[in-house]
Amino acid sequence: MNMRTTEDNPAQGLGGGLTDAWKVSGSSPEQKMTWNSFVNKYHAEGFEFTARYDRIYTHGPAVHVENFALVGSQPIGDRESHYLSDHFGIVCELRVE
């Protein structure tokens with residue numbers, strides 16, 4: 001899900017037991033920012049800022065977050081602007097009981 005920080009609490013307040021996977025995985029600052037134009041030069045001439053746009057939500061007591069990580073957070077070539085996307089990806093390992 002793509003969203004801004006100001007939409008975080010309203011989204012979790014919708015009810016139905018939504019759980020933010022990053023938050024329950026320990027809220028690692030190193031894994032937080034999925035948009036970091038200080039590091040990711042995909043838009044080399046763009047405005048530099050960081051944001052946590054991308055989220056994974058789980059639902060229900062039987063779903064447990066085992067691991068959460070950023071992916072695609074390193075250049076893929078020999079130039080600092082060669083990233084897979086302007087956003088870093090997120091991956092989450094889940095255990096379902």
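The values are calculated or read from the model by the stated rules, or taken from the named source; none is laboratory data. The structure presented is a predicted model; accordingly, all values stated were derived computationally and were not measured. Every residue, glycine among them, receives a Cβ derived from its backbone with ideal geometry; neighbour counts consider all protein chains shown. Areas reflect the complete protein model, heavy atoms only, side chains present, ligands, DNA and RNA absent. Shrake-Rupley method; radii C 1.70, N 1.55, O 1.52, S 1.80 Å.
Within the accessible area of segment 20-89, the carbon and sulfur atoms contribute 53%, probe 1.4 Å, all protein chains present. Just one of (1) 62, 37, 25; (2) 48, 29, 21; (3) 44, 27, 18 is Cα extents along the principal axes in Å as worked out from the coordinates here. Which one is it? Read-out taken from this structure: (3). Surface listing: LEU94, LEU18, LEU70, LEU84 arranged by accessible area from highest to lowest gives LEU84, LEU94, LEU18, LEU70, probe 1.4 Å. Placing unit charges on each Cβ (+1 for Lys and Arg, -1 for Asp and Glu) gives the chain a dipole about its Cα centre, and among PRO75, ASN40, THR19 the Cα reaching farthest toward its positive end belongs to THR19.
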